[in-house]
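The next block holds one structure in the form of structure tokens; read it before the comments.
The values are calculated or read from the model by the stated rules, or taken from the named source; none is laboratory data. Just so you know, these numbers come straight off a predicted model, no measurement behind them. Here the Cβ positions follow ideal geometry from the backbone for every residue, glycine too, while neighbour counts run over all protein chains shown.
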Amino acid sequence: MKYLTPRRVTLAAGTAAMALSATLLAPAAHADVFTTVDAHSNIRTGPYTSSHIVGTTRALSDIDIICYKRGTYVNSGGYHTDVWYKGIITDGDHVYSDFYTWGGNVNTSHDPASGVPHC
């Protein structure tokens with residue numbers, strides 16, 4: 001279950017002195033573990049190789065890891081794990097929010113990465 005916390009955001013229009021304040025509901029704080037995802041990594045709706053692919057990274061991409069989940073065990077490129085990371089992946093001008101990618105493609109020292117909560 002996701003918990004929502006209120007956050008105040010101020011939006012300014014161009015150089016005008018007008019500002020609009022609004023209270024928005026945003027996801028509660030998470031691990032905020034920032035790292036990278038290898039190029040040519042599939043981004044999926046769930047932590048399984050059978051989950052729908054929503055995109056594939058074109059280059060080394062940034063990821064803000066939210067949490068991890070154990071899913072399909074994959075053995076590829078000399079790396080093997082059943083850990084999948086859920087997060088916000090920024091690949092050039094594409095942003096994938098709240099999707100999964102296999103831990104073997106996420107650049108961490110071990111799986112699951114320290115400080116990352118279970119989903």
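Odds and ends about this structure:
- Filter pass, ILE88 being buried (at least 20 other Cβ atoms within 10 Å of the Cβ) and either touching a strand residue (DSSP E or B) at 6+ places or on another chain (Cβ under 9 Å) or of a type outside the set (Ser, Thr, Tyr) (or both): no
- Elements of the type strands (runs of 3 or more DSSP E) sitting completely within the stretch 10-119 and holding at least 3 residues that are at pLDDT below 90: these cover 19-27.
- Output for the stretch 108-119, where each listed residue is surrounded by 12 or more Cβ atoms within 10 Å (Cβ to Cβ) and either in contact with an Asp or Glu (Cβ under 9 Å, 6 or more places away or on another chain) or free of Cβ contacts under 8 Å to residues at least 12 places away in the same chain (or both): ASP111
Residue by residue, here is whether (1) within 15 Å of the chain's Cα centre (by Cα); (2) surrounded by fewer than 16 Cβ atoms within 10 Å (Cβ to Cβ); (3) not β-branched (Val, Ile, Thr) holds:
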{"position": "HIS52", "(1), (2), (3)": "no, yes, yes"}
{"position": "ILE63", "(1), (2), (3)": "yes, no, no"}
{"position": "CYS67", "(1), (2), (3)": "yes, no, yes"}
{"position": "GLY78", "(1), (2), (3)": "no, yes, yes"}
